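The values are calculated or read from the model by the stated rules, or taken from the named source; none is laboratory data. Just so we're clear, the structure is a prediction, and the values are computed from it rather than from any experiment. Glycine gets a Cβ as well: all are built from the backbone with ideal geometry, and neighbour counts include every protein chain shown. Just so you know, the surface numbers come from the protein's heavy atoms only, side chains and all, with ligands and any DNA or RNA stripped out. Shrake-Rupley method; radii C 1.70, N 1.55, O 1.52, S 1.80 Å.
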Amino acid sequence: MSLDTLEFYQRLTELLQQRRAFAVAHVVEVRGSGPQAVGAKMIVFPEGTFEFTVGGGPFEAMVLRDAVAAIESGVSTCKEYR
């Protein structure tokens, strides 16, 4: 397990223990070129702040928007971005 992956799961554990609201964005497939590789993960908070990254730029902005919406609705989603 990489150090980044270990840090990610340690942070999730802390947030769960603190009973904080958050969403996890996880890159599960990439077709062609993409800003990050499969496995990239990001923790998103209700106010739109985040820890870790799924790639930055316009892609990450779309992911942030959708993650905040998922937190607000309480519904998990799987999104496809182009």
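Structure summary
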{"item": "Among the residues listed as Glu14, Glu47, the single one being in a loop (DSSP other than H, G, I, E, B), exposed (fewer than 12 other Cβ atoms within 10 Å of the Cβ) and not small (Gly, Ala, Ser)", "result": "Glu47"}
{"item": "Flag if Val30 is open to solvent by 30 Å² or more (accessible area, probe 1.4 Å) and modelled with pLDDT under 90", "result": "yes"}
{"item": "Residues that are free of Cβ contacts under 8 Å to residues at least 12 places away in the same chain and either under 17 Å from Asp4 (Cβ atoms) or assigned to a loop (DSSP other than H, G, I, E, B) (or both), drawn from segment 50-82", "result": "Gly74, Val75, Ser76, Thr77, Glu80, Arg82"}
{"item": "Residue, farthest from Ala70 (Cα to Cα), within segment 25-49, restricted to residues that are free of Cβ contacts under 8 Å to residues at least 24 places away in the same chain and charged (D, E, K, R)", "result": "Arg31"}
{"item": "Pick from segment 62-76, criterion of a type in the set (Val, Ile, Thr) and open to solvent by 30 Å² or more (accessible area, probe 1.4 Å), ranking: farthest from Ala21 (Cα to Cα)", "result": "Val75"}
{"item": "Options Val38, Val24: the member that is in a strand (DSSP E or B) and open to solvent by 50 Å² or more (accessible area, probe 1.4 Å)", "result": "Val24"}
{"item": "Residue list for segment 1-11, restricted to those being surrounded by 10 or more Cβ atoms within 10 Å (Cβ to Cβ) and of a type in the set (Ser, Thr, Tyr)", "result": "Thr5, Tyr9"}
